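Colleague: Questions regarding the structure given below will be posed in turn.
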Amino acid sequence: MTVLRRLPVLIAAWCAVPAIAADLFVDHVNGYTLDSAGKLQRFEAMLVEDGKVVATGSRAGLAGRAGEAEVLDGKGRTLLPGLIDAHAHVMGLGIALRQADLMPTKSLDEALAVVKRHADAHRDAGWVQGRGWNQVNWKLGRFPTARELDAVVSDRPTWLERVDGHAGWANSAAMKLAGIDKDTKDPPGGRIERDAGGNPTGVFVDHAMELVAKTIPPMDEKEAAKVLDAALAEMARVGLTGVHDAGVDAGSVALFKRYADAHKLTARLYAMIGGTEADFDRLAVDGPLSGYGGGFLDVRSVKLYADGALGSRGAALLAPYSDDVHNKGILFHTPDEMTAMIAKATGKGYQVGVHAIGDAANREVLDSFAKVYAAQGGKDLRNRIEHAQVVDPKDIPRFRALGLIASMQPTHATSDMNMAEDRLGKARMKGAYAWRTFLEQGTVVAAGSDFPVESPNPFYGLYSAVTRRDHDGKPPGGWYPQQGMTLPQALRAFTLDAAYAGHAEKTLGTLEPGRFADFILIDRDIFTDEPARIWSTVVLETWVGGKQVFARPPR
């Protein structure tokens with residue numbers, strides 16, 4: 001924990017200007033922020049009072065105005081506004097931190113070894129759970145099977161979510177417990193992978209995942225608190241001071257409110273209610289919730305799904321997959337159903353963010369927003385398309401015309417580059433991961449990670465946005481580099497424009513006077529360092545509302 005010292009009261013005759021109200025003087029920093037117009041600004045010091053920025057400027061100019069404020073000596077380190085992840089899953093992160101992590105695995109055998117070690121270490125757990133597998137990284141050429149999973153865990157049900165969260169891998173015990181056999185039908189919006197004889201092989205795509213997942217016992221309140229604690233700690237460690245939680249239930253909202261009431265939230269949460277069904281009806285009785293707990297919790301948005309993911313071939317495409325010519329993916333809803341859900345949410349004053357990855361899904365959502373606006377309005381709610389990953393180039397201008405925010409995740413591009421062109425072919429890549437095209441037409445791009453699908457580390461996202469390369473620097477010139485962002489554009493997407501996407505640009509996203517003093521200290525100047533090093537940036541301290549919520553232990 002940083003030790004603060006008291007600044008001596010300066011003699012009035014010595015001060016060029018009188019002291020102003022401040023309780024924290026952040027001194028000797030290499031500070032960067034954007035102004036409200038998005039222009040990069042520099043400063044050496046900052047004054048904070050009651051959790052909000054009073055002024056930024058030179059050390060000499062502010063030292064004489066600091067009065068008896070506590071002093072944080074930045075020691076010349078780089079200071080940035082707190083970073084905001086515009087699309088993530090808070091409880092999902094906490095759960096993932098407590099499960100088997102398959103994301104780093106490079107082969108099926110390696111993944112099975114990870115599962116076995118986790119199962120052996122948690123023999124008291126009724127279920128063995130994990131996430132992060134990716135058959136593309138394993139170069140398997142197919143999905144894994146229950147039989148392969150049975151070889152390492154056969155005594156307990158086992159359920160492992162794919163890296164994108166849009167497919168699950170079960171062992172035979174889990175399928176037996178769920179009552180799944182050859183006669184089990186594919187549910188609407190889902191697919192059960194089957195062998196030549198029609199028998200389930202163990203992988204369940206999109207809505208079919210619920211056939212297994214519904215049999216897993218829910219967390220109790222004590223376990224949910226542990227999960228949230230783990231997520232908040234990890235978010236603070238990587239420099240996230242705000243997160244848009246893309247799809248929460250009523251139980252999570254109640255937990256977030258309890259934490260806000262107890263002043264235990266260490267990041268500002270912008271919660272998006274999952275769907276427009278029972279939880280929405282319960283939570284929407286009193287209308288959108290804004291600024292709860294002193295600005296730590298908002299519940300004023302709704303998350304919908306139009307399709308699945310590209311890696312599991314569940315993203316809905318206008319034409320068949322290039323590597324699966326009989327498959328166009330899965331549209332979760334009819335156009336009328338999508339329009340009705342958007343109308344219901346916007347009609348009650350809620351912003352809507354719709355998950356749409358494939359070009360067919362994006363077109364359906366664009367059409368539905370256009371119909372809703374024509375019938376009842378709602379354009380001023382700053383509605384969003386989450387991911388906007390593969391869009392027909394003819395549809396991209398419609399984002400601007402409809403005033404839609406493109407909520408995009410830079411690390412998805414560098415994670416998907418090993419298979420996206422195989423799935424889509426070269427022609428469709430013109431509208432895929434097209435950040436620069438959206439920016440150049442004036443569309444707001446709010447950046448996130450979709451954690452735990454990707455790492456919560458926002459510097460991974462900044463790096464991917466600028467370089468479009470993996471952490472080994474490949475491909476050397478970047479993957480479709482014409483769609484890359486400049487570093488100021490990327491920072492804006494993780495700060496000011498993420499704040500705008502959450503209706504909070506007047507209070508978050510910059511360190512201008514009157515904004516919350518959410519900031520981080522890092523170990524390097526990312527604006528002068530080599531772009532190749534952005535991803536390895538280390539967060540030294542995280543501050544939210546002028547209070548320190550994380551300090552890296554000294555080495």
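The values are calculated or read from the model by the stated rules, or taken from the named source; none is laboratory data. Predicted, not measured: the structure shown is a model, and the values here were computed from it. Note: ideal-geometry Cβ built from the backbone for every residue, glycine included; neighbour counts use all protein chains shown. To get the accessible areas, we keep the full protein, side chains included, count just its heavy atoms, and leave off ligands, DNA and RNA. Shrake-Rupley method; radii C 1.70, N 1.55, O 1.52, S 1.80 Å.
Colleague: How large, in percent, is the carbon and sulfur part of the accessible surface of the chain at a probe radius of 1.4 Å? Display every interim value, and only then the final one.
Modeller: Working: 11810 of 22360 Å².
Looking at the chain in its full context, I get 53 percent from C and S.
Colleague: While we're on this one: Which number do you get for Rg(Cα) / (2.2 N^0.38 Å) in region 237-394?
Modeller: My calculation over the Cα atoms of region 237-394 gives 1.13.
Colleague: With every protein chain kept in place and ligands, DNA and RNA left out, what is the accessible area per residue of the chain? Probe 1.4 Å, answer in Å². Don't skip to the end; give the middle numbers.
Modeller: Numbers: 22360 Å² over 555 residues.
Computed with neighbouring chains in place, this is 40 Å² per residue.
Colleague: How big is region 254-339 on each of its three principal axes, counting only the C-alpha atoms and giving the largest first in Å?
Modeller: Ordered largest first, region 254-339 gives principal extents of 54, 28, 15 Å.
Colleague: Here's something else I'd like to know. Counting other C-beta atoms within 10 Å, and keeping those with at most 11, which DSSP coil trypsin sites (Lys or Arg not before Pro) do you find in region 382-481?
Modeller: Lys394, Lys426
Colleague: In Å, what is the Rg of the alpha-carbon atoms in region 416-555, and how long is Dmax?
Modeller: 16.5, 51
Colleague: Moving to a separate point now. Using the Karplus curve 6.51 cos²θ - 1.76 cosθ + 1.60 with θ = phi - 60°, what ³J(HN,Hα) values do you get for each residue of region 224-232, in whole Hz, with x for Gly and Pro?
Modeller: Those phi angles translate into 4, 5, 5, 5, 5, 4, 5, 5, 4 Hz.
Colleague: Here is a follow-up. Have a look at Gly291, Val71, His387 and report the one farthest towards the positive end of the charge dipole of the chain, computed about the Cα centre with Cβ charges (Lys/Arg +1, Asp/Glu -1).
Modeller: Result: Val71.
Colleague: Now, a different point. For region 352-477, what class follows from the C-alpha gyration tensor (a ≥ b ≥ c being the square roots of its eigenvalues): rounded when a/c is under 1.5, otherwise prolate if a/b is larger than b/c, else oblate?
Modeller: It is prolate, given that a/c is not under 1.5 and a/b is the larger ratio.
Colleague: Let me ask something additional. Taking amide hydrogens as modeled 1.01 Å from N in the peptide plane, which residues meet the under 5 Å criterion relative to Ile273, leaving out close sequence neighbours?
Modeller: Val248, Ser301, Val302, Lys303
Colleague: Once you treat every alpha carbon in region 83-156 as an equal point and sum by Debye, what is log10 I(q)/I(0) at q = 0.12, 0.18, 0.26 Å⁻¹?
Modeller: -0.38, -0.77, -1.24
Colleague: Follow-up question, since we're still on this one. Enumerate by residue number the trypsin sites (Lys or Arg not before Pro) in region 99-165 meeting two conditions: DSSP loop (anything except H, G, I, E, B), and at most 12 other Cβ atoms within 10 Å of the site's Cβ.
Modeller: On the way: sites: Lys106, Lys116, Arg117, Arg123, Arg131, Lys139, Arg142, Arg147, Arg162; in loops: Lys106, Arg123, Lys139, Arg142.
Listed in order of number, the matching sites are Lys106, Arg123, Lys139, Arg142.
Colleague: Toward the positive end of the charge dipole of the chain, about the Cα centre and with charges on Cβ (Lys, Arg +1; Asp, Glu -1), which of Tyr32, Val302, Phe459 goes farthest?
Modeller: Highest projection toward the positive end goes to Tyr32.
Colleague: What number comes out for the charge environment of Thr486, summing +1 per Lys or Arg and -1 per Asp or Glu over other residues with Cβ under 14 Å away?
Modeller: Working: positive: Lys39, Arg436, Arg468, Arg492; negative: Glu440, Asp497.
That works out to +2.
Colleague: Just from the alpha-carbon atoms, what are the Rg and Dmax of the chain in angstroms?
Modeller: Here Rg and the maximum Cα pair distance are 24.0, 91 Å.
Colleague: Something else now. Under 5 Å between amide hydrogens, which residues at least 5 positions from Ala316 or on another chain qualify, with H placed 1.01 Å from N in the peptide plane?
Modeller: Distant-sequence amide H within range of Ala316: Gly308, Ile330, Ile357, Gly358, Ala361.
Colleague: Which chymotrypsin sites (Phe, Trp or Tyr not before Pro) does region 94-163 hold that lie in a coil by DSSP with at most 13 other beta carbons within 10 Å?
Modeller: Numbers: sites: Trp127, Trp133, Trp138, Trp159; in loops: Trp127, Trp138.
The qualifying sites: there are none.
Colleague: Please list the non-local residues whose amide H lies under 5 Å from the amide H of Glu161, H modeled 1.01 Å from N, same-chain partners needing a gap of 5 or more.
Modeller: Gly130, Arg131, Gly132, Trp169
Colleague: Oh, and also: Could you give the length gained on full extension between Thr486 and Arg147, defined as 0.36 nm per residue of separation minus the Cα-Cα distance, in nm? Walk me through the numbers on the way to the answer.
Modeller: Working: separation 339, 0.36 × 339 = 122.04 nm, distance 4.73 nm.
Gain on stretching Thr486 to Arg147: 117.3 nm.
Colleague: Relative to the longest principal axis of the chain, what angle (0 to 90°, nearest 10) does the C-alpha long axis of helix 359-376 take?
Modeller: That works out to roughly 60 degrees.
Colleague: Right, here's the next one. Set the Förster distance to 45 Å, then compute FRET efficiency between Gln376 and Arg123 from the Cβ-Cβ distance, nearest 0.05.
Modeller: Details: r = 55 Å, r/R0 = 1.23.
Using R0 = 45 Å, I get an efficiency of 0.20.
Colleague: To the nearest 10 degrees, how steep is helix 250-261 against the longest Cα principal axis of the chain, on a 0 to 90 scale?
Modeller: Roughly 20 degrees, rounded to the nearest 10.
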